[in-house]
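Just so you know, all these numbers are worked out from the coordinates, no wet-lab data involved. Here the structure is a predicted model, which is why all the values come from computation and not from measurement. Virtual Cβ from ideal backbone geometry, glycine too; neighbours counted across all protein chains shown.
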Amino acid sequence: MKLVFAGTPEVAVPALDALIASGRHEVAAVVTRPDAPAGRGRRLVASPVAERAEEAGIEVLKPAKPRDPDFLDRLREIAPDCCPVVAYGALLPRVALDVPARGWVNLHFSLLPAWRGAAPVQHALMAGDEITGASTFLIEEGLDSGPVYGTVTETVRPTDTSGDLLTRLAFAGAGLLAATMDGIEDGSLKAVPQPDEGVTLAPKITVEDARVDWSAPALRVDRVVRGCTPAPGAWTTFRGERLKLVQAVPLPDRTDLAPGRLAAGKNNVYVGTGSHAVELLWVQAQGKKPMRAADWARGARITEGEQVGD
């Protein structure tokens with residue numbers, strides 16, 4: 001088939017690579033979000049998908065909105081059979097959905113109908129899911145509600161962050177998307193409607209969602225920290241300033257600290273929760289780089305009785 005691939009961040013690059021490498025289909029063009037400011041200089045930088053496409057000599061389309069007339073005209077000129085999508089980052093209007101004969105097929109990082117929305121991996125971790133995965137489905141105008149072509153499962157590991165899990169799903173999902181394109185092309189794959197039951201939503205994680213509630217059990221604190229790493233980053237406050245929590249582990253045997261109460265030793269930093277303590281391993285103070293929690297505590301000269309989350 002002739003394909004136009006739509007995607008933007010690094011997590012979409014493995015799928016683009018898999019389609020380029022397959023040799024069975026032609027990636028005629030790539031659609032991605034416009035260049036965005038990045039770094040201290042805030043200079044405009046192309047998306048990871050745009051960079052990869054340019055390396056491969058593939059035409060790159062960067063519409064401000066996917067309903068822009070110039071973009072739609074070019075899409076019709078290319079006349080793709082199918083448009084595979086991975087984390088493109090913009091809603092596709094009906095006028096765009098109608099262009100490819102076999103539709104737009106999205107790779108979504110959950111086992112649909114679970115975790116429809118922008119942040120499926122973060123929500124799966126924060127909910128304590130033991131199994132997750134990726135799905136390919138035909139895009140329709142509802143939120144991730146289209147019929148499913150295929151799935152792949154992935155076990156959630158006890159220490160997974162959302163970054164860890166998303167990286168594994170990006171590579172597993174790349175193979176799934178390539179196989180889905182093959183199945184659509186040869187007619188061996190039919191999309192199956194999603195069941196009405198089991199629908200859960202995964203809206204974008206806000207900064208407030210990532211704030212740690214120390215009155216919650218240690219298990220919940222652990223899930224929030226892992227689910228919000230690397231973005232947007234779990235956080236609390238200390239002496240009136242924000243403190244980012246990069247890595248923490250529950251300590252079931254320590255129950256002597258009240259919620260939010262700090263205890264700093266020579267090589268360890270503990271915080272009480274609503275159940276048992278957690279040990280802070282890595283933190284990032286406001287305006288600083290990430291550092292070992294013990295080094296942060298020595299520099300801050302934490303005194304007995306101090307709190308986080310004040």
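Here the sum of -39500 (n - 2.57) over DSSP H runs of 4 or more residues, divided by the residues of the chain, equals -8000 deg cm²/dmol at 222 nm, to the nearest 500.
When the listed pairs 204/289; 65/288; 62/244 are checked against a 31 Å cut-off, the alpha-carbon distance exceeds it for 65/288; 62/244.
Ranked from highest to lowest mean number of other Cβ atoms within 10 Å per residue, what is the order of the peptides 213-219, 111-117? Intermediate results must be reported in sequence, preceding the final value.
Details: 213-219: 17.3, 111-117: 21.0.
So the order, starting with the most tightly packed, is 111-117, 213-219.
Legend: P(r) of the range 198-310 from all alpha carbon pair distances, 5 Å bins from 0, whole percents, reading 2, 13, 23, 27, 19, 9, 4, 2, 1, 0.
Distant-in-sequence amide contacts of residue 149, defined by a placed amide H-H separation under 5 Å and a gap of 5 or more residues or a different chain, comprise 136, 137, 138, 192. What fraction, in whole percent, of alpha-carbon pairs in the chain exceed 27 Å separation? Result: 49 percent of Cα pairs exceed 27 Å.
Looking at the range 37-104, the trypsin sites (Lys or Arg not before Pro) that sit in a DSSP loop and have at most 10 other Cβ atoms within 10 Å of their own Cβ are 40, 42. Taking 0.36 nm per residue of separation and subtracting the current Cα-Cα distance, fully stretching the chain between residue 21 and residue 249 would add 78.0 nm. Averaged over residues, the count of other Cβ atoms within 10 Å places the peptides 227-233, 135-141 in the sequence 135-141, 227-233, highest first. Protection proxy ranking of 180-192, 19-31, by the mean of other Cβ atoms within 10 Å over each peptide's residues and highest first, is 19-31, 180-192. Note on residue 91 and residue 40: with the Förster distance fixed at 30 Å, the Cβ-Cβ geometry gives a FRET efficiency of about 0.45. I need the shape label for the range 77-126. Rule: rounded when a/c is under 1.5, else prolate if a/b > b/c, else oblate, with a, b, c from the alpha carbon gyration tensor. Taking the square roots of the gyration eigenvalues as a ≥ b ≥ c, the range 77-126 is prolate. Can you find, among 78, 117, 60, the residue farthest towards the positive end of the dipole of the range 1-125? Put +1 on the C-beta of Lys and Arg, -1 on that of Asp and Glu. With unit charges placed on the Cβ atoms, the residue in question is 117. At a Förster distance of 22 Å, what's the computed FRET efficiency of residue 62 paired with residue 167, Cβ-Cβ distance as r, to 0.05? Plugging the Cβ-Cβ distance into 1/(1 + (r/R0)^6) gives 0.30. Overall, the chain carries a charge dipole of about 1180 debye about its Cα centre when +1 sits on the Cβ of Lys and Arg and -1 on the Cβ of Asp and Glu, all other atoms neutral.
Each residue of the range 154-159 was assigned a 3J(HN,Hα) from its phi angle through the Karplus curve 6.51 cos²θ - 1.76 cosθ + 1.60 (θ = phi - 60°); the sequence is 8, 6, 7, 7, x, 9 Hz, with glycine and proline shown as x. On the basis of the beta-carbon distance and an R0 of 25 Å, residue 101 and residue 231 show a calculated FRET efficiency of 0.10.
Within the range 42-78, what residues put their amide N at less than 11 Å from the label point 7 Å along the Cα-to-Cβ vector of residue 28? Of the residues in the range 42-78, 74-78 have backbone N under 11 Å from the label point off residue 28.
Of all complete DSSP H helices in the chain, those with a Cα span along the helix axis of 24 Å or greater and a mean Kyte-Doolittle hydropathy of 0.0 or more are 162-186. Placing dummy labels 7 Å off each Cα toward the beta-carbon, the span from residue 267 to residue 281 is 1.5 nm.
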